[in-house]
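Coordinate-derived values only; no laboratory data. Predicted model only: the values in this text are computed from it and were never measured. We place every Cβ from the backbone using ideal geometry, glycine too, and count neighbours over all the protein chains shown.
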Amino acid sequence: MTMQRHRIAVARRFGPPEAIAIEEHPVASLRQGEIRVAVRTGGLNPVDARRRSGSFGGTVPMTLGTEFAGIVVESRDARHAVGHEVIGWGVSGADADLVTTDADRLAHKPAGLGWALAGGLSGVGQSAITALASVRLVKGDVIVVHGAAGGVGTVLTQLAVARGFRVIGTASAANQEHLRSIGASAVVYGAGVADRIAEAAAGSPIAASVDLAGSREAGDIASAVLRAGGQSITLVPETMTSHGIRLVQVRRSAAQLQELLDAVADGTLVLPVESVPFTNIVEAHRRLDSGHSRGKLVLDLSDNPHLPAEGSLT
Ligand SMILES: NC(=O)c1ccc[n+]([C@@H]2O[C@H](COP(=O)([O-])OP(=O)(O)OC[C@H]3O[C@@H](n4cnc5c(N)ncnc54)[C@H](OP(=O)(O)O)[C@@H]3O)[C@@H](O)[C@H]2O)c1
């Protein structure tokens, strides 16, 4: 029997997006408890760009990507049969057309959920839930989210608004309307941002600052909130945390993913998605590097030859 092969994104050296190439490699036979998935979409996250550039450590050559959605094509675990539509998270080497993983890291994809969102929801959504769980807030509290228009910020803002918190979100001028549409008071970042935040707070104290931007300005806002007796967290490893700003690391669980899927299903959570073909992964990483990708960036593998032909599974 000829060994099956897959296409997988590999960074052969640390460096710019051009360090990534899509290579073809054989895949090993499945072990007990493992599932093979033909990938339909994959989520891209800033951490992928940090790993590729070398700022996250690790060794090269390295595979990239941690989350995806697709169709089970081979299974050695009773929880996921061939043909099941699944979402995978916390899997290394997910930027590939075939991914092998433990069944524990897979959830069923709801039939009504689009493929693009299915591939990109887990990372940003679980990060947003983790961040909100890291601050103590009560209904009516004001929270500043710096960098609110990105993937994490878009989810976090909506979850916070649904819990009755007042969100002041910062973004560029181009994303002000997006912030308002998800329930935040929108503020443009840059010179004078502290005054604009104070104006939006309209006399209420700021209970918490969440930094998703990693800029010096974000650190200044976080420090000011701390000095005034509030709480300050950051999700960005580069942000200076020595002044009491807490660095939060994402915690993932199937229960949290289900919470996100329920919120999408009942319409309380929306996340705009932009798809880039898998073969353009270098361009996708350029957008990640820009720090201004709109909505959630997702790799599109709709032409993946490993995907079952439509109707072949029924
Ligand atoms: N610690 C963890 O476990 C963890 C988990 C998830 C994410 N993160 C980190 O959290 C950060 C956000 O992730 P993400 O997925 O939401 O990123 P993203 O989708 O790329 O969004 C980044 C956002 O930052 C905004 N931005 C850029 N420059 C800014 C500035 N100077 N001031 C304020 N906002 C600015 C951009 O909005 P405009 O286009 O409007 O400028 C963009 O919407 C990343 O650094 C990521 O690595 C950490």
Next item on the list: For region 135-247, give the magnitude of the charge dipole about the Cα centre (Cβ charges: +1 Lys/Arg, -1 Asp/Glu; no others), in debye to the nearest 20.
Entry: 360 debye
Next item on the list: Using the number of other C-beta atoms within 10 angstrom as an exposure proxy, rank ARG31, ARG36 with the fewest first.
Entry: ARG31, ARG36
Note to self: Please compute the modelled spin-label separation between SER92 and LEU30, points set 7 Å along Cα→Cβ, answer in nm with one decimal.
What the structure shows: 2.3 nm
Check: Separation between the ARG227 and ILE22 pseudo-spin-labels, each 7 Å from Cα along Cα→Cβ, expressed in nm?
Finding: 5.1 nm
Notebook entry, point to check: When the label point is put 7 Å from the Cα of SER253 along its Cα-to-beta-carbon vector, which residues of region 147-185 have a backbone N closer than 20 Å?
Noted result: 156, 159-160, 163
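For region 1-147, what does the alpha-carbon gyration tensor say about shape, rounded, prolate or oblate, given a ≥ b ≥ c as the root eigenvalues, a/c under 1.5 as rounded, and a/b over b/c as prolate? The partial results should precede the final answer.
Working: a/c = 2.42, a/b = 1.29, b/c = 1.88.
Oblate is the answer for region 1-147, as a/c is 1.5 or above yet b/c matches or exceeds a/b.
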Item checked: region 223-259 versus region 66-126: alpha-carbon centroid distance in Å -> 28 Å
Notebook entry, point to check: Which shape class applies to the chain: rounded if a/c is under 1.5, otherwise prolate when a/b exceeds b/c and oblate if not, where a ≥ b ≥ c are the square roots of the Cα gyration tensor eigenvalues?
Noted result: prolate
